[in-house]
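The values are calculated or read from the model by the stated rules, or taken from the named source; none is laboratory data. Note that this is a predicted model, so its numbers are computed, not measured. No Cβ is skipped: glycine too gets one built from the backbone with ideal geometry, and neighbour counts run over all protein chains shown.
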Amino acid sequence: MIPPRSIVGRGAGLRFALLLFAFAALAGCGEKTPSLPRLAPDAVVLAFGDSLTYGIGANPNESYPAVLEKKIGRKVVSAGVPGETSAQGLARLPAVLDQVHPQLLVLIHGGNDFLRRLDENQAAGNLRAMGKLARERGIAVVILGVPKPGLFPSSASFYREVANELGAPYDADTLPAILKDNELKADYVHPNAKGYAMLAESVAALLTKAKAL
């Protein structure tokens with residue numbers, strides 16, 4: 001069952017625009033972002049993950065992969081499975097890569113490991129293995145950090161460590177910021193349509209900063 005969307009109050013449109021501007025500005029400053037090969041006009045981008053990629057909390061055409069496809073002008077294949085753990089994702093990824101043949105993998109995974117209180121070291125190892133599997137096939141990788149549930153959510157530290165090991169562009173801040181804002185989330189772990197639009201905007205900005213666009 002898809003959770004109900006949050007009710008957006010007055011001034012939400014302006015608030016959303018300001019947040020988009022802030023994330024775009026953040027994408028242009030700070031630590032150096034590794035460069036990616038430029039995406040060919042006919043390139044396929046694989047959005048791989050769990051319910052955050054599937055788009056629970058919004059309509060299918062409002063999921064972040066659907067919005068991202070429109071923003072970057074490339075085909076984006078959504079391969080999100082709600083409830084999937086990182087171990088299950090690692091087992092599923094090879095067949096998806098064989099089927100899709102992407103030029104770029106956008107990886108958002110591990111949230112269900114946190115919800116089930118699974119070993120974070122194992123989650124880190126699974127994420128690392130997914131990234132290496134893609135890189136061994138000549139597929140570029142982008143990683144977004146997933147926050148642990150809590151009053152002040154922030155991305156688990158291993159996401160940055162894995163991204164650094166892989167030399168992959170990394171976004172630690174977008175999902176935590178979305179899930180701290182009631183106007184951008186459908187429930188405590190899923191964005192709503194506005195939140196997914198924010199996520200797509202941040203991924204597009206990261207790709208631009210990495211010279212993939």
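Annotations
- Of the residues making up region 174-213, those that are in contact with a Phe, Trp or Tyr (Cβ under 7 Å, 6 or more places away or on another chain), hydroxyl-bearing (Ser, Thr, Tyr) and farther than 13 Å from ILE72 by Cβ number 2.
- Taken as a whole, the condition of being modelled with pLDDT of 95 or more and either in contact with a Gly (Cβ under 7 Å, 6 or more places away or on another chain) or more than 22 Å from LEU68 (Cα to Cα) (or both) does not apply to PHE152.
- Members of region 82-136 that are part of a helix (DSSP H, G or I) and either touching a Ser or Thr at 6+ places or on another chain (Cβ under 7 Å) or at positive phi (or both): ASN112, ASP113, ALA123, ASN126, LEU127
- Positions within region 194-210 being assigned to a helix (DSSP H, G or I) and small (Gly, Ala, Ser), in sequence order: GLY195, ALA197, ALA200, SER202, ALA204, ALA205
- Scanning region 67-110 for residues that are more than 18 Å from ILE139 (Cβ to Cβ) and surrounded by fewer than 20 Cβ atoms within 10 Å (Cβ to Cβ) yields LYS70, LYS71, GLY73, VAL81, PRO82, GLY83, ALA87, GLN88.
- Close contacts from region 178-191, counting a first residue that is more than 18 Å from VAL81 (Cα to Cα) and assigned to a strand (DSSP E or B) and a second that is at pLDDT below 95 and among the basic types (Lys, Arg), with Cβ to Cβ under 9 Å and a gap of 6+ residues or different chains, come to LYS185/ARG5.
- Restricting attention to region 58-81, the residues that are in contact (Cβ under 8 Å) with a residue 40 or more places away in the chain and assigned to a loop (DSSP other than H, G, I, E, B) total 3.
- Among (1) surrounded by fewer than 23 Cβ atoms within 10 Å (Cβ to Cβ); (2) under 22 Å from ALA66 (Cα atoms) - the single one PHE114 does not satisfy: (2)
- Only one of the numbered conditions (1) more than 17 Å from GLY49 (Cα to Cα); (2) in contact (Cβ under 8 Å) with a residue 24 or more places away in the chain is violated by VAL141, and that is (1).
- Exactly one residue out of LYS148, LYS132 is basic (Lys, Arg), surrounded by fewer than 21 Cβ atoms within 10 Å (Cβ to Cβ) and within 15 Å of the chain's Cα centre (by Cα), and it is LYS148.
- Residue within region 8-24 that is assigned to a loop (DSSP other than H, G, I, E, B), at pLDDT 95 or above and under 22 Å from LEU184 (Cα atoms) present: no
- Positions within region 36-57 being in a helix (DSSP H, G or I) and either aliphatic (A, V, I, L, M) or crowded, with 24+ Cβ neighbours inside 10 Å (or both), in sequence order: LEU52, THR53
Rundown of residues vs (1) under 22 Å from LYS194 (Cβ atoms); (2) out of contact with any strand residue (DSSP E or B) (no Cβ under 9 Å at 6 or more places or on another chain), yes/no style:
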| site | (1), (2) |
| --- | --- |
| GLN122 | no, yes |
| ASN126 | no, yes |
| GLY131 | no, no |
| ALA140 | no, no |
| LEU144 | yes, no |
| SER155 | yes, no |
